[in-house]
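Novice: Before anything else, here's the structure in question.
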Amino acid sequence: MLAQLGRSDEAHEQFREARTLDPLSAFSAAVGWHVFYCAREYHETIKVCRAALEMEPGIASAYGGLILSFEQRGEYAKAIEQQVLSIQPGDPDIEQRKRDADRLRHALASGGERGYWKECLALLLENHDPRDPNDLNEAARLYMHLGDRARALDWLEKAYKAHDPSLIFWIVTAPEFDSLHSEPRYQRIVRDMHLTLPS
């Protein structure tokens, strides 16, 4: 949580202490990647996530860290590969998730980086339940990758009003929102959530 609040130095120290106390804890590694991701240390994020998966294969959070980090590095084919690897036996949506990965591959091949992000957004909007507040901020993130700041802000406001539980983790530290820090609409959300932007 310290990482998401922009308190990077404290978060790094807490992660080091946790790893010292229990170096074999897959859980601490699986959640600890946020420390490095929020600090824009994507290489370290990938190392921590891979270490977690070596200790305990199938940890969804670790795959999430890998996907986000490869996206930030512009390695979209690797991000898609991690989405496929994250599919576990018995997943009720296994066939749908495979089809989604195929769509992303096709979009990347035919439309490059922008094609990838457009397809990510299309998949999210197709699968989103309007009654479910979860991950509304993800739509905002995707609109930022497509250069649509106004719609990104619209979705951040929706996320705040709907009490999207993931918003508090990303509103301040998601790399996609860095360029919004001077926007009054964005600042209002952060202020209303009683958060502080990192200096």
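Just so you know, all these numbers are worked out from the coordinates, no wet-lab data involved. The shown structure was predicted, so the numbers you read here are calculated from the model rather than taken from an experiment. All Cβ positions, even for glycine, are placed from backbone atoms using ideal geometry, and neighbour counts span all protein chains on display.
Novice: At R0 = 30 Å, how high is the FRET efficiency between Ala150 and Lys98 if r is their beta carbon distance? Nearest 0.05 is fine.
Specialist: Computed FRET efficiency for Ala150 and Lys98 comes out at 0.30.
Novice: If we count every other residue with Cβ under 14 angstrom of Glu126's Cβ, Lys/Arg +1 and Asp/Glu -1, where does the sum land?
Specialist: -3
Novice: So, one more: Please list, in order, the residues from the range 46-74 whose amide nitrogen is less than 16 Å from a point placed 7 Å along the Cα→Cβ vector of Asp91.
Specialist: 53, 57-68
Novice: In whole Hz, with x marking every Gly and Pro, tabulate ³J(HN,Hα) for the range 177-185 from phi via Karplus 6.51 cos²θ - 1.76 cosθ + 1.60, θ = phi - 60°.
Specialist: 9, 4, 6, 8, 4, 8, 7, x, 5
Novice: May I pose another question? Tyr42: net charge of surrounding residues, Cβ under 12 Å, Lys/Arg +1, Asp/Glu -1, itself excluded?
Specialist: Neighbour charge sum, excluding Tyr42 itself: 0.
Novice: Can you compute the modelled spin-label distance between His194 and Arg40, with each label point 7 Å from Cα toward Cβ, in nm?
Specialist: About 3.0 nm separates the two model spin labels.
Novice: Roughly speaking, what is the centre-to-centre gap between the range 43-118 and the range 138-153 when only Cα atoms are used, to the nearest Å?
Specialist: A separation of 20 Å, based on Cα centres.
Novice: Report the net charge of residues surrounding Asp178, where surrounding means a beta-carbon distance below 13 angstrom and charges are Lys +1, Arg +1, Asp -1, Glu -1.
Specialist: Working: positive: Arg40, Arg141, Arg149; negative: Glu176, Glu183.
Charge balance in the 13 Å sphere: +1.
Novice: Still on this model: Would you mind calculating the gained length between Ser179 and Arg50 on full extension (0.36 nm times residue separation, minus the Cα-Cα distance), in nm to one decimal?
Specialist: Numbers: separation 129, 0.36 × 129 = 46.44 nm, distance 2.98 nm.
Gain in length upon complete extension: 43.5 nm.
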